[in-house]
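S.K.: Take a look at this one; I'll ask things after.
Read-outs throughout are calculated quantities, based only on the coordinates presented, and are distinct from any laboratory measurement. No experiment lies behind these values; they were computed from the predicted model shown. Glycine gets a Cβ as well: all are built from the backbone with ideal geometry, and neighbour counts include every protein chain shown.
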There are 4 protein chains.
Amino acid sequence: MIRFDNDYTEGAHPLILEALMKTNTEQLPGYGMDDYCKIAADHIKRHCDNENIDVHFMVGGTQANTTIISSILRPHQAVIAADSGHIAVHETGAIESTGHKVLELPNTQGKISAEQIESYVQNHWDDPTHEHIPQPKLVYISQPTESGTLYSKQEIKAIHDVCQARNLYFMIDGARLGYGMVSKTNDVSLNDLTNLCDVFYIGGTKVGAMFGEAIVISHETIKEDFRYIMKQRGGMLAKGRFLGLQFKVLFEEDLYFEISKHAVQMAELLLSAFKAKGIALKYESPTNQIFPILPEDKIKTLNEKYSFYTWEDAGDGNKVVRICTSWSTREEDIKAFIADL
Amino acid sequence: MIRFDNDYTEGAHPLILEALMKTNTEQLPGYGMDDYCKIAADHIKRHCDNENIDVHFMVGGTQANTTIISSILRPHQAVIAADSGHIAVHETGAIESTGHKVLELPNTQGKISAEQIESYVQNHWDDPTHEHIPQPKLVYISQPTESGTLYSKQEIKAIHDVCQARNLYFMIDGARLGYGMVSKTNDVSLNDLTNLCDVFYIGGTKVGAMFGEAIVISHETIKEDFRYIMKQRGGMLAKGRFLGLQFKVLFEEDLYFEISKHAVQMAELLLSAFKAKGIALKYESPTNQIFPILPEDKIKTLNEKYSFYTWEDAGDGNKVVRICTSWSTREEDIKAFIADL
Amino acid sequence: MIRFDNDYTEGAHPLILEALMKTNTEQLPGYGMDDYCKIAADHIKRHCDNENIDVHFMVGGTQANTTIISSILRPHQAVIAADSGHIAVHETGAIESTGHKVLELPNTQGKISAEQIESYVQNHWDDPTHEHIPQPKLVYISQPTESGTLYSKQEIKAIHDVCQARNLYFMIDGARLGYGMVSKTNDVSLNDLTNLCDVFYIGGTKVGAMFGEAIVISHETIKEDFRYIMKQRGGMLAKGRFLGLQFKVLFEEDLYFEISKHAVQMAELLLSAFKAKGIALKYESPTNQIFPILPEDKIKTLNEKYSFYTWEDAGDGNKVVRICTSWSTREEDIKAFIADL
Amino acid sequence: MIRFDNDYTEGAHPLILEALMKTNTEQLPGYGMDDYCKIAADHIKRHCDNENIDVHFMVGGTQANTTIISSILRPHQAVIAADSGHIAVHETGAIESTGHKVLELPNTQGKISAEQIESYVQNHWDDPTHEHIPQPKLVYISQPTESGTLYSKQEIKAIHDVCQARNLYFMIDGARLGYGMVSKTNDVSLNDLTNLCDVFYIGGTKVGAMFGEAIVISHETIKEDFRYIMKQRGGMLAKGRFLGLQFKVLFEEDLYFEISKHAVQMAELLLSAFKAKGIALKYESPTNQIFPILPEDKIKTLNEKYSFYTWEDAGDGNKVVRICTSWSTREEDIKAFIADL
């Protein structure tokens, strides 16, 4: 079985394993106070071209989301997200478990717009009974989105502006950020993110690490006491060195971006093949997830050799499926798949 | 600096790293549904000599504690623990963050007794206003305790009996379980644990793994939907293979116990040295943590070469310190320390 | 200003105040342990024709909803409600504040159907990643709904059947239950409610009491320890006598239903007038809330003498408004309003 | 049975009932937006001699405590209280249910001192692992305490100063504030409270009201969005008029203080009698709760005619009991009790 289910089917990039081997016998302090965490944070600051950020490392995305969101909101406040956003649909109500409602706006190609947010917030404050409704206080988007699409710099800037005007916080879930950063259509830099949102994270789990997300905080209020909340939520890894070390390997030079680029190139091969065969795509994704619409019998045949998710029904005996490439996808597997298509 | 701060100063056992390298390019399903998790669970069932248990893997102890406890208790129910218990003192209020009070009983050598629990529960139900007080419903102990001491089988059986009589759940935090299992004074087997408590975990983080705790559930009610709650609490590792693989290595034969034994032997060397020098010990620990009482100036001198925790004041210019050995402690470091003592 | 804003614009029914005066100097135990609470519960059991229920009194609806829902659900479980349900839209995220997601289904005339619930639950269990999604475990409906409409006995029975088949709990918010019970179209008795759902409440606040909701529990599991959770959520009134006394007055004979009937008769007068004038109604409400569609200038004129809520936009310069009658509505005010229409 | 169990055994002060009767048919907006709430708030501001405070009305003390505390604290922060404090012992873990640990300091005569708080906070920040421990951020005291004792102005000022120096919030639970204010030994004015703490409440439930606590907020941060959180916690009474009206009656002149004075005078009669008979008192209470130490057989005899709480064991066949007077205690009952003593 060749797996295109997701971008975490294989272990970790060999350079990461090599670094683990090399440093294994070093005695280091725990809980992220070791030098590798510090060095990794410095590399990320350099890539962000911004010294005035805090960098923390956590194991996974749900952990990162609940820690960030619960650290920001007061009890009556809520987070705005696309109805397709990861926190809205795929974290077993983790955000609600911290006491906060996810206010779901209808997505377009996985995205929400500054206009939608502005309108929602305006309606909240216009309602004479707004004290009976959760107060929108934070905007959550994913870059790339769960549909593989990308926000342009202009779109992110527009959301940033609404947040400034409306006194909202703005966070970006970058679980697949690498695959977005290297996409041909991307015009958003890491530095832009540090300026345009209050907190975001750089996903490692799906981009070559064993595990790990690097949280980047720009907003002074969110920086305060963040480590307490990481600990409380079970998100402070005892052997934090393994987080620091992995991000050191990914960011001391450009490994993170190089391996992301490979995944996107593999996706582009698939895209070309689908287009050549006249197969429609549900989402206009320029990243590592692609969503062709295939007949059910074709899916069945392909599933004999290849695994991937059936995403949603498309009517007339067709389904949208998701094919996911990654840093570890082999070109020969892509070619075999295209041949079998 | 030679570190005796804790048992997670070094990386992971070399056989674990080797297994990671070997299996790195295998494509596997995520979230603990891979074969390594299954195999590791089977090994643990075999070591427990009990087929009728569920085994789940989580990254860390605070995660494990909050997931287990919040999965068991209804909103008005509380967990009984020693006032020195990890959930009472060192998890940033993680249990309270899930809505439940930790009912702290005074410890003796890190332990609480069946009598204390019985008495507390009796008082609760005798109080005519007991509905105004959190209801005790779960007992939490650590084996070994945070003071390095061990519960005997008789003590655990007595707590089990109170729990049965009083309709309480019983959980055991085994973050350092290996170091307890191999202690000369231990008479509690893994099989005993599956029979005498409802849920416990086998710590990996502090016993040679990169990270990871293996949760063993005997009670049918706790088994139900456990994975939902793991996911909600951010505790379901995407690349769950890394958890399965590590516990496979530790438990396919007896590695877990062998490396634990090494740590305890190193601790025994220290113990003998302390006793030979007439240095008093705060706790009667037969495991890998020892708590000598040392004069402050002696601590200062030792700290130039060795790091360890100052645990509490002992009066008259003395302090209790904690020296922690581990699977990775080198005998030469122990000897050097003894010499410098 | 004549107020049709809601059904709690005036104080309490005179017989309630009279009873308060008469019993004021009696010395009674607190927290609902007084005889009036017991007597009131007995009256309610008699009206329900069911001895096997527990009755508790709480001050308000949001309190009742959070207490009931949080007492039922485990952390990963969620409550299904109409997207127009009170818990979904008008309680400042109170349910989420207890850790649980509200799963909103699109309403039809304020209602959801057994088919919608069945389909949602089926989809949940069909999804191979359902552990990543909150588990539906409880169904919440309001009778009458927030749109004034009523579920028929057949509809409630159908939901009950789905809940039985799918192992779901079923609760009914009866904040305005009286106005539903006496509606001409109603075919659901209190006894039916005790058999068809697991817990419901009989609203007092909106039906002539100063405050208070009588919670009726049929399901054995929900009965257990309910008072602990009432206390924890701040919902156990110290002078519980005031709750018992009010419900005693309302239910020792038929006062609750008589005053409800008055409100519905007043609403029927308005309905006839709207129909006579060809004014369309947004919802087919046979209870005490009616929702005519009026031109904005007409609303403006009426608002000079009468207060009521503007509910939603209806296009073309029209708005849906809500006119609410109550136990205390004066017929002369209704007639004046009709004349001014 | 003559009840000295507590200060809420009877209904409400007759003037309150009279006011309810008089205003019953007025049509008023809900949720505390009516004129009576405004007028009552103005009276309280006048009594506090401070225009720069916000006043909100809630039904009960547990509600008030959870609303205030959860509105102030971030997830990792905790509240310091006496181990005898109401939130520590008698609210079914309501504070923990909002996610926050109660840090219990040992009480002396029901009180904690500025020195204890300073020392606790110093220890927190001195601990190198303080991120693993809940952060103290709020101090909670009761005035009078649960033991009937009073903090002097100097003691409150000292706590205020520690809070200022240590960046802590300071709240005072005044469930029985009236009985403290009129005590002969009291030197703390309402105005002092508005200056020395950030938020306190004036208890109505135990001082002649049917129910209700008036929350007085001085700190600007706590003022923000307070009503949202009241609503979320089920603490915004639909017919808020009943809260406003009661506090209007109590504070438009000096009724609150006059009826408090009566209760304290009754307690003083008892105190004199106990002292005359050489009966020891457990706590030096100058307010409406007194705690004599009585032999068990004497308690048994008294309980045939009088109800009161057995508070704790005093050894040698003696028990501490609590006798509670109130605004409604009849002098003849006190005299009968003394005679029967």
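S.K.: Let me know the Kirkwood hydrodynamic radius for region B:14-255, please, with Cα pairs as the basis and the value in Å to one decimal. Mind dumping the intermediate values first?
M.R.: Working: mean 1/r = 0.0548 Å⁻¹.
After inverting the pairwise mean of 1/r, the radius is 18.2 Å.
S.K.: List every residue whose amide H lies under 5 Å from the amide H of A:ALA82, counting only residues 5 or more places away in sequence or on a different chain, with H placed 1.01 Å from N in the peptide plane.
M.R.: A:LEU105
S.K.: Post the alpha-carbon centroid distance, region C:1-49 to region A:195-258, in whole angstrom.
M.R.: 57 Å
S.K.: Per residue of region A:182-188, in order, report the coupling 6.51 cos²θ - 1.76 cosθ + 1.60 (Karplus, θ = phi - 60°) as ³J(HN,Hα) in whole Hz, putting x for Gly and Pro.
M.R.: 9, 5, 4, 8, 6, 10, 10
S.K.: Provide the per-residue ³J(HN,Hα) series for region B:103-110, in order, calculated from phi with Karplus coefficients 6.51, -1.76, 1.60 and θ = phi - 60°, each as a whole number of Hz, with x at glycine and proline positions.
M.R.: So the J values, rounded to whole Hz, are 8, 8, 9, x, 8, 10, 6, x.
S.K.: Still on this model: Normalised by the number of residues in chain D, what is the relative contact order in percent for Cα pairs under 8 Å and 6+ residues apart?
M.R.: Working: 646 pairs, mean separation 86.5, N = 341.
Reported relative contact order: 25 percent.
S.K.: Another question about this same structure. Mind checking the mean number of beta-carbon atoms from other chains within 10 Å of the Cβ atoms in C:236-245? Write down the numbers at each step before the final one.
M.R.: On the way: counts 6, 6, 12, 11, 2, 5, 4, 0, 0, 1.
That average works out to 5.
S.K.: Any idea what the A:ASN318 label distances to the other copies are, label 7 Å down the Cα→Cβ vector, nm, shortest first?
M.R.: Inter-copy label distances (nm, one decimal, shortest first): 3.9, 8.2, 9.0.
S.K.: Oh, and also: For region A:1-138, take the alpha-carbon Rg, divide it by the Kirkwood Rh, and send me Rg/Rh. If you can, show how the numbers build up before the last one.
M.R.: Numbers: Rg = 20.0 Å, Rh = 18.7 Å.
Radius of gyration relative to Kirkwood radius: 1.07.
S.K.: Using alpha-carbon positions, what is the distance between the centroids of region B:99-134 and region B:300-341, in Å?
M.R.: 36 Å
S.K.: In peptide A:328-335, how many Cβ atoms from other protein chains are near each Cβ within 10 Å, on average?
M.R.: Mean inter-chain Cβ contacts per residue within 10 Å come to 1.
S.K.: State to the nearest 20 debye the size of the charge dipole of the protein assembly as shown about its Cα centre, where the only charges are +1 on K and R beta carbons and -1 on D and E beta carbons. Kindly include the intermediate steps, with their values, before the conclusion.
M.R.: Values: 132 positive and 188 negative charges, 0 e Å.
For this selection, approximately 0 debye.
S.K.: With +1 on the Cβ of every Lys and Arg and -1 on the Cβ of every Asp and Glu, and nothing else charged, how large is the dipole of region B:27-174 about its Cα centre, in debye rounded to the nearest 20? If you can, show how the numbers build up before the last one.
M.R.: Details: 10 positive and 19 negative charges, 34 e Å.
Dipole magnitude for region B:27-174 comes out near 160 debye.
S.K.: Report the FRET efficiency, 1/(1 + (r/R0)^6), for B:LYS38 and C:LYS38, where r is their Cβ-Cβ distance and R0 is 51 Å, rounded to 0.05. Could you put the intermediate results ahead of the total?
M.R.: Numbers: r = 56 Å, r/R0 = 1.11.
E between B:LYS38 and C:LYS38, to the nearest 0.05, is 0.35.
S.K.: Further question on the same structure: Would you mind counting up the charge near C:PHE226? Only other residues with Cβ under 14 Å from its Cβ, with Lys and Arg at +1 and Asp and Glu at -1.
M.R.: That works out to -2.
S.K.: At 222 nm, what value in deg cm²/dmol follows for the protein assembly as shown if DSSP H runs of at least 4 each add -39500 (n - 2.57) and the sum is divided by all its residues, to the nearest 500?
M.R.: Values: 60 runs with 582 residues, N = 1364.
After summing the helix terms and dividing by the residues of the protein assembly as shown, the value is -12500 deg cm²/dmol.
S.K.: Mind checking the alpha-carbon convex hull of the protein assembly as shown and giving the volume per residue in Å³? The partial results should precede the final answer.
M.R.: Values: hull volume 245.5 nm³, N = 1364.
Normalising the Cα hull of the protein assembly as shown by residue number yields 180 Å³.
S.K.: Continuing with the same structure: Work out the mean other chain Cβ neighbour count within 10 Å for the residues of B:202-210 and drop it here as an integer. Before the final figure, lay out the partial values.
M.R.: On the way: counts 0, 0, 0, 4, 2, 0, 0, 1, 9.
Whole-number average of other-chain Cβ neighbours for B:202-210 is 2.
S.K.: Can you put C:LYS275, C:LYS184, B:LYS223 in order of Cβ neighbours within 10 angstrom, beginning with the fewest?
M.R.: Working: C:LYS275 12, C:LYS184 8, B:LYS223 17.
The order, fewest Cβ neighbours first, is C:LYS184, C:LYS275, B:LYS223.
S.K.: Let me ask something else about it. I need D:HIS56, B:HIS132 ordered by Cβ neighbour count within 10 Å, fewest first.
M.R.: The order, fewest Cβ neighbours first, is B:HIS132, D:HIS56.
S.K.: Another question, then. In sequence order, what are the phi-derived ³J(HN,Hα) couplings for region C:201-217 according to the Karplus relation 6.51 cos²θ - 1.76 cosθ + 1.60 with θ = phi - 60°, rounded to whole Hz, with x for glycine and proline?
M.R.: Each residue of region C:201-217 in turn: 9, 9, x, x, 3, 8, 10, x, 7, 5, 5, x, 10, 9, 8, 10, 10 Hz.
S.K.: How far is D:SER119 from itself in the other copies, in nm, if each label sits 7 Å out from Cα along the Cα-Cβ line, shortest first?
M.R.: Nearest to farthest, the other copies are at 2.5, 6.2, 6.7 nm.
S.K.: Restricting the count to DSSP beta bridges whose residues both fall in the protein assembly as shown, what percent are antiparallel, rounded to a multiple of 5?
M.R.: Values: 88 of 156 bridges.
Bridges in the protein assembly as shown that DSSP calls antiparallel: roughly 55 percent.
S.K.: To continue, here is another question. What's the local net charge at C:GLN164, with K and R +1, D and E -1, over the other residues with C-beta under 14 Å away? Don't skip to the end; give the middle numbers.
M.R.: On the way: positive: C:LYS137, C:LYS157, C:ARG166; negative: C:GLU118, C:ASP161, C:ASP198.
Result for the neighbourhood of C:GLN164: 0.
S.K.: Distances from A:ARG46 to the same position in the other copies: list them in nm, one decimal, shortest first, using label points 7 Å from Cα along Cα→Cβ.
M.R.: Relative to the other copies, A:ARG46 has label-point distances of 4.8, 7.0, 8.4 nm.
S.K.: Now, a different point. How would you order C:302-311, D:15-24, D:235-244 from highest to lowest mean count of nearby Cβ atoms within 10 Å?
M.R.: Ranking the peptides C:302-311, D:15-24, D:235-244 by packing returns D:235-244, D:15-24, C:302-311.
S.K.: Going by amide H atoms built from the backbone, whose H comes under 5 Å of the H on C:ARG3, apart from near neighbours?
M.R.: Correct list: C:SER307.
S.K.: Same structure again: In nm, to one decimal, how far is the modelled label at C:ALA336 from the one at D:SER119, with both set 7 Å along Cα→Cβ?
M.R.: Label at C:ALA336, label at D:SER119, 6.9 nm between them.
S.K.: Pull up all non-local amide H partners of C:LYS282: gap of 5 or more, or a different chain, and H-to-H distance under 5 Å with H placed in the peptide plane.
M.R.: C:PHE291, C:ILE293
S.K.: If you don't mind, there's one more thing I want to ask. Along the axis that rotates chain C into chain A, which residue of chain C has the nearest beta-carbon, and what is the gap in whole Å?
M.R.: In residue-and-Å form, the answer is C:GLU96, 2.
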